1. Under a plain spin-label model, where a point goes 7 Å from the Cα along Cα-to-Cβ, how far apart in nm are Ser153 and Asn82?
2. When you have a sec, figure out the Kirkwood radius of segment 85-169 from all distinct Cα pair distances and drop it here in Å to one decimal?
3. List the residues, sorted by chain then number, that are 5 or more residues from Ser153 or on another chain and whose placed amide H is less than 5 Å from its amide H.
4. Provide the solvent-accessible area of Val29, counting protein heavy atoms only and rolling a 1.4 Å probe, rounded to the nearest 10 Å².
5. What does the accessible area of Tyr114 come to, in Å² to the nearest 10, when a probe of 1.4 Å is used?
6. Would you tell me the accessible area of Ser58, worked out with a 1.4 angstrom probe on the heavy atoms of the protein chains, in Å² to the nearest 10?
7. Taking amide hydrogens as modeled 1.01 Å from N in the peptide plane, which residues meet the under 5 Å criterion relative to Gly163, leaving out close sequence neighbours?
8. Let me spell out the model: positive unit charges on the Cβ of Lys and Arg, negative unit charges on the Cβ of Asp and Glu, origin at the Cα centre of the chain. What dipole size does that give, in debye rounded to 20?
Amino acid sequence: MPGRLEFSTTADGASTPTERMRITSSGNVTKPNSCAFSASTSVPGFSVGTTEVKIAYSTENVDTNGNYDTTNYRFTAPVTGNYLIGTTNTCYISTGVTVYMAIYIRKNGVGTSYRFRGGGVDNDVNDWFGMNGSVVIPLAAGDYIELWGYANSGSFQIVNTEGHFYGYLIG
């Protein structure tokens, strides 16, 4: 009796199959080639002000299929499907009194209604806060996702390596 069930495919012209999915004897399902990525900001962090700016998640932590680009800070969907896209950031207000701060998703260069908002206790300089969220987004093969930020006044700083942008194909 087998201890697992494996699904493999063979590329055109190849003779050796590659495992694509495994169900273990305890029922765990793994898909080692399934699309997933995680990237983070770099020291000294990233500043966001009143001009909308693409956030530089420049350090790649995970990228199973090479779909995240650290030169343009963009994830490109390799196949059509539903993707979980998220961000988590430790921030502080760096200048001015800031009332409204947001990080939002742009799909194919166009803003969406997916916005993650944050703010400090008094919204004064040096107030710390988190800006986090995730959403399921349908993407077609070749669609791309970027995270942008802005503040209505003043500016906020994503702290050192504590800004994260991540996603994976869920089906």
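The values are calculated or read from the model by the stated rules, or taken from the named source; none is laboratory data. The structure displayed is predicted, hence computed values, not measured ones. Positions of Cβ are backbone-derived with ideal geometry, glycine not excepted, and every protein chain shown enters the neighbour counts. Each accessible area value is taken on the protein alone, full model and side chains, heavy atoms only, with ligands, DNA and RNA left out. Shrake-Rupley method; radii C 1.70, N 1.55, O 1.52, S 1.80 Å.
1. So the label points at Ser153 and Asn82 sit 4.2 nm apart.
2. 13.4
3. Here Val99, Tyr100 satisfy the definition.
4. The accessible area of Val29 comes to roughly 90 Å².
5. For Tyr114, the solvent-accessible surface is approximately 70 Å².
6. For Ser58, solvent-accessible area is about 40 Å².
7. Thr41, Thr90
8. Once rounded to the nearest 20, the dipole reads 380 debye.
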